[in-house]
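One structure below.
The values are calculated or read from the model by the stated rules, or taken from the named source; none is laboratory data. The model shown is predicted, which means the values in this text are computed figures rather than measured ones. We place every Cβ from the backbone using ideal geometry, glycine too, and count neighbours over all the protein chains shown. We work out accessible area using only protein heavy atoms, side chains counted, and drop any ligands, DNA or RNA first. Shrake-Rupley method; radii C 1.70, N 1.55, O 1.52, S 1.80 Å.
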Amino acid sequence: RFPPTSATVMHSFFVPQPGGHVYTMTGLIHHPHLPAAQPGTYKGLSSQFSGEGFSDMRFELVAVPANEFDGWIAEVKNSGTQLDAARVSQLLKPSVADEPALFKSVDPGLFDAIAAGHAAHLSSKAEH
């Protein structure tokens with residue numbers, strides 16, 4: 001389970017197998033559940049035009065048993081970076097990323113502020 005949203009343009013989060021399609025936009029938080037019948041790697045993409053590089057917005061959803069997931073979470077918490085307003089400011093700039101970003105923790109209230117459409121305000125605060 002995960003709550004996708006968007007700080008900028010609308011996106012279409014699409015994982016055909018195990019079967020999930022969610023539109024993400026500012027002010028809207030979904031709570032999809034993508035049940036995988038068995039462990040595996042499933043192809044996903046953002047199918048909404050959102051600027052340069054949008055056609056390469058592909059990812060893999062990896063379904064693993066709970067104990068493997070817990071191990072991965074522990075690994076990320078030990079090696080990832082903090083997601084804060086300054087990093088959000090960087091992420092909001094148009095760019096093309098080669099690798100996914102992993103965050104060990106998120107500043108309290110940051111997700112709610114982004115979902116409520118206050119990402120631009122967070123960005124301007126981070127620059128001062």
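Of everything in region 114-128 that's more than 18 Å from VAL9 (Cβ to Cβ) and open to solvent by less than 90 Å² (accessible area, probe 1.4 Å), which residue is modelled with the highest pLDDT? Only one residue fits best here, namely SER124. Counting only residues that are modelled with pLDDT under 70, surrounded by 13 or more Cβ atoms within 10 Å (Cβ to Cβ) and closer than 16 Å to VAL62 by Cα, region 1-32 holds 1 of them.
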